[in-house]
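Report on the structure given below.
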2 protein chains.
Amino acid sequence: MSVIPIPTPPIPLLDQGAMQEARARMDVLTKPLGSLGRLERLAVHVAGITGCPRPRLPRKSIIIMAGDHGVAARGVSAYPTAVTEQMVRSFARGTAAINVLGRQVGARITVVDVGVAATLPASVNVVKRKVAHGTADLSVGPAMTRDQAARAIGVGMDIAADEAARGMDVVCLGEMGIGNSTAASALVAAVTGRPPAEVTGRGTGIDDRALERKIAVVQAALAVNGAHLDNPFDTLAALGGLEIAALVGVAIEAAARRTVVVLDGFIATAAAMMAVEMDPAVRPFLVAAHRSVEPGHQAALAHLDLEPLLALDLRLGEGTGAALALPVLDAALALLDEMATFAEAGVSTANDTDATALARPVSRSSPP
Amino acid sequence: MSVIPIPTPPIPLLDQGAMQEARARMDVLTKPLGSLGRLERLAVHVAGITGCPRPRLPRKSIIIMAGDHGVAARGVSAYPTAVTEQMVRSFARGTAAINVLGRQVGARITVVDVGVAATLPASVNVVKRKVAHGTADLSVGPAMTRDQAARAIGVGMDIAADEAARGMDVVCLGEMGIGNSTAASALVAAVTGRPPAEVTGRGTGIDDRALERKIAVVQAALAVNGAHLDNPFDTLAALGGLEIAALVGVAIEAAARRTVVVLDGFIATAAAMMAVEMDPAVRPFLVAAHRSVEPGHQAALAHLDLEPLLALDLRLGEGTGAALALPVLDAALALLDEMATFAEAGVSTANDTDATALARPVSRSSPP
């Protein structure tokens, strides 16, 4: 029985048959065995997720959950709460980093106000599913009520279902929320048991004094919410954020639909970690896109046993790292799908007297 | 005066003005300062290469130089020499890994026979500029004569000039040649002074005994060619390959034309290293795409002081790693070009009462 107090869909296993078929094909493509490295494992993994032995992911969705954090008032961020709204407006205008990358990779972007402190006017073109005007300060008590956390998860499930109805082969988890690296650090500390100082970083760029303060805030959050940390749902409610809870819902719903879930950076990975804590069946559907510079990100990735595809020193969020990984995913799947096999190459070239030479590595024990 | 015994074009410096303009723009885009990590430095670098403060690289060229190696007869490769021709035919048919990736990233592919041992019939659609039917065995004497090496460099310069005439904003250095990781190891050992055992790897997948033999072959090559290793051109002729020399020519000609030169793996990086040894002005025009599993690749990258963008455990060559890096390059340049600045965002949103909040990080010294 799920610890989540709302109904969640059952999540299937990876399709072992599709993976075996993909692996078998990968091994007879015209290249040295294993020479495509991580791309080979990635393509086979996606075959297992989708249940298709030669999968492609043309329908790409980036879901950006936005929410504010009461803890931002503690001076834990380089930016004021107002910037969450500013950036949501940027997303709606199409001028932010994630909009540029979404266009580059052919992904559509859905921006959801699940907890922005400000009230966005109707003219701002985002999906309005506000559960609350930001969270409470997690350093003095639970960030969310259980009801708020459950509703935010429900919003994520709804949005993923809506996107699935439009066609969604792969979803990138993106987020915006000033203060949310503090929440993510608290979640990672609570789940992994690592000390706050090890999993708390500079977020968008705070100085040494602010970092000390941020670490103290995370310590206070763990202490004051100690009674709520005995199960993952209550941990999420106490230390998380509305956008983080919504991403939990996206991950669960997407996994249930055999959709590839591409994690962005620290916040999105913390959300995925909470989803896996609540339902371990989510884990096989995750692909880690990039390694951010936040120390807590590494801890969350290690806890999930995930190895990111890229390491470009990003620390922006929005889904930018996830979007950058989509061409790598597409490349891996195109190689699996479009490369010739030894047999095909042999058939197609009557002039080749030695068409299968690639299939037979020389294994001389001494020089000829 | 160049050590290369044929005329080579003068190579300009990076355009500092364009770089300053790009850096200035990058710093006022609507994101925390530096939050795009390596993408920011990459975009500024390309501004310097191209001389354009907001560069884009729509015209992408992958040049695959193919040549055989006499040393392949020493059992240093998992595959026989015949596979070079096989793979060149695959490239011409469009069914190899690099063809798939070229289509994915929108790059055209030029395959050049500069030294394949077999005689390719007219029906195989590759550029035929054969200098010799493969090199001599570098472990018993010079792989190439000085004349052959110079002619192969000239072929590379010609091909790059031809591609430039078709329009070329970025060029990926690709190669095919059974035995060429032995040549690359010998070049890297000669130039960096590292012991052969440190820079010699398993190539396409040889076993322990073959690896020992390969290391011994590299040691023999250095010893027997000792008299030729006092300058980079003669080193290239003695230890390199026709396709490696041709890539040297491509790098020089492309740099002279302010074209971004994207290195593939070990072989292409060894070629770029030789180009830089002969003309250090080439160095600023290089972008390292990926880190292959070959130990010598790391040594060559360190010698060039280059940090690759990707690390996906590839060991295929053909230009595949370089092609995979092109979407990262495009993304970096799209961000520089298309993101809104704070000023633009402020102008475009009359409703924003705090449109420049992002530009003013909070720097509280104590919680409010």
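The values are calculated or read from the model by the stated rules, or taken from the named source; none is laboratory data. What you see is a predicted model; the values in this text were computed from it and never measured. With ideal geometry, Cβ positions are generated from the backbone for all residues, glycine too; neighbour counts draw on all protein chains shown. SASA here: full protein model, heavy atoms, side chains in, ligands and nucleic acids out. Shrake-Rupley method; radii C 1.70, N 1.55, O 1.52, S 1.80 Å.
Return the long-range amide H neighbours of A:Glu175 (sequence gap of 5 or more, or a different chain), with a cut-off of under 5 Å between placed amide H atoms.
A:Met65, A:Glu318, A:Gly319
For A:Thr341, place a label point 7 Å from Cα along the Cα-to-Cβ direction in every copy; what are the distances to the other copies, in nm, shortest first?
5.7
Between chains B and A, what is the buried accessible area summed over both chains (1.4 Å probe, protein heavy atoms, nearest 100 Å²)?
Details: alone 14950 and 14930 Å², together 23970 Å².
Buried area (both sides, nearest 100 Å²): 5900 Å².
For a Förster distance of 56 Å, can you work out the FRET efficiency between the beta-carbons of B:Thr145 and B:Asp27, rounded to the nearest 0.05? Mind dumping the intermediate values first?
Values: r = 53 Å, r/R0 = 0.94.
So the FRET efficiency works out to roughly 0.60.
In a Gaussian network model over chain B where Cα atoms closer than 10 Å are linked, find which of B:Leu316, B:Leu335, B:Leu263 has the largest mean-square fluctuation.
Per the Cα network of chain B with a 10 Å cutoff, B:Leu335 tops the list.
Read phi for every residue in region B:227-243 and hand back ³J(HN,Hα) as whole Hz from Karplus 6.51 cos²θ - 1.76 cosθ + 1.60, θ = phi - 60°, with x for Gly and Pro.
The phi angles translate into 5, 9, 9, 8, 8, x, 5, 5, 4, 4, 4, 6, 10, x, x, 5, 6 Hz.
How big is the gap, in Å, between the Cα center of region A:224-291 and the Cα center of region A:137-180?
The distance from the Cα centre of region A:224-291 to that of region A:137-180 comes to 9 Å.
Would you mind working out the magnitude of the charge dipole of the protein assembly as shown relative to its Cα centre, with +1 at each Lys and Arg C-beta and -1 at each Asp and Glu C-beta, to the nearest 20 Debye? All intermediate terms of the calculation are to be shown ahead of the outcome.
Values: 64 positive and 72 negative charges, 116 e Å.
Value, rounded to 20: 560 debye.
Identify the residue of chain A whose Cβ lies closest to the rotation axis that maps chain A onto chain B, and give that distance in whole Å.
A:Pro327, 2
For chain B, with the dipole built from +1 on Lys and Arg beta-carbon atoms and -1 on Asp and Glu ones, taken about the Cα centre, which of B:Ala118, B:Val287, B:Ala238 lies farthest toward the positive end?
Of B:Ala118, B:Val287, B:Ala238, it is B:Ala118.
Could you list which residues have their amide H under 5 Å from that of A:Leu310, counting only those 5 or more apart in sequence or on another chain, with H placed in the peptide plane?
Distant-sequence amide H within range of A:Leu310: A:His290, A:Arg291.
For the residue pair A:His133 and B:Lys128, what label-to-label distance in nm results when each label sits 7 Å from Cα along the Cα-to-beta-carbon direction?
A separation of 7.8 nm, rounded to one decimal place.
What lysines does A:Lys128 reach when the alpha-carbon gap must be under 25 Å and sequence neighbours fewer than 8 apart in one chain are set aside?
A:Lys60, B:Lys31
Taking the simple approach of a point 7 Å from Cα along Cα-to-Cβ for both A:Thr341 and A:Ala227, what is their distance in nm?
6.3 nm
Once the Cα atoms of helix A:295-304 and of chain A are each reduced to a long axis, what angle between those two axes, in degrees from 0 to 90 to the nearest 10, is obtained?
On a 0 to 90 degree scale, this one is about 60.
Given the options B:Gly205, B:Gly141, B:Gly102, state which has the largest fluctuation in a GNM of chain B using a 10 Å cut-off (strictly under) for Cα springs.
B:Gly205
Spelling out what I want: for every residue of region B:121-127, take phi, set θ = phi - 60°, compute 6.51 cos²θ - 1.76 cosθ + 1.60 (Karplus), and round to whole Hz; glycine and proline get x.
So the J values, rounded to whole Hz, are x, 4, 5, 7, 7, 10, 6.
For B:Asp207 and B:Ala73, calculate 0.36 nm times their separation in residues minus their Cα-Cα distance, and state this gained length in nm to one decimal.
Numbers: separation 134, 0.36 × 134 = 48.24 nm, distance 1.63 nm.
Full-extension gain reported as 46.6 nm.
Explain nothing, just the number: relative contact order of region B:60-326, from Cα pairs under 8 Å at least 6 residues apart, as a whole percent.
Working: 625 pairs, mean separation 68.1, N = 267.
Here the relative contact order equals 26 percent.
Defining the label point at 7 Å along Cα→Cβ, can you sort the distances from B:Glu198 to the same site in each other copy, shortest first, in nm?
Computed spacing set for this position: 3.4 nm.
What are the ³J(HN,Hα) couplings of region B:179-193, residue after residue, when phi is run through the Karplus curve with 6.51, -1.76, 1.60 and θ = phi - 60°? Round to Hz, x for glycine and proline.
With the stated coefficients, region B:179-193 comes to x, 6, 6, 5, 4, 5, 4, 5, 4, 5, 5, 5, 7, 8, x Hz.
Under the Kirkwood approximation for Rh and a Cα-based Rg, what ratio Rg/Rh is obtained for chain B? Let's see the in-between values first.
On the way: Rg = 22.1 Å, Rh = 21.1 Å.
Using only Cα positions, Rg/Rh for chain B is 1.05.
Extension gain A:Glu198-A:Val3, at 0.36 nm per residue separation less the Cα-Cα distance, in nm? Walk me through the intermediate numbers first.
On the way: separation 195, 0.36 × 195 = 70.20 nm, distance 2.80 nm.
Net length gain for the segment: 67.4 nm.
What dipole magnitude, in Debye to the nearest 20, does region A:60-326 give about its Cα centre under +1 on Lys/Arg Cβ and -1 on Asp/Glu Cβ?
Details: 22 positive and 26 negative charges, 111 e Å.
Result for region A:60-326 is approximately 540 debye, rounded to the nearest 20.
Within 11 Å, Cβ to Cβ, of B:Leu304, how many net charges do the neighbouring residues add up to if Lys/Arg are +1 and Asp/Glu are -1? The partial results should precede the final answer.
Numbers: positive: B:Arg283; negative: B:Glu277, B:Asp305, B:Glu307.
Within the 11 Å Cβ shell, the charges total -2.
Of the options B:Val105, B:Val262, B:Gly201, report the single residue whose Cα projects farthest towards the positive end of the charge dipole of region B:60-326 (beta-carbon charges: Lys, Arg +1; Asp, Glu -1).
The residue sitting most towards the positive pole is B:Val105.
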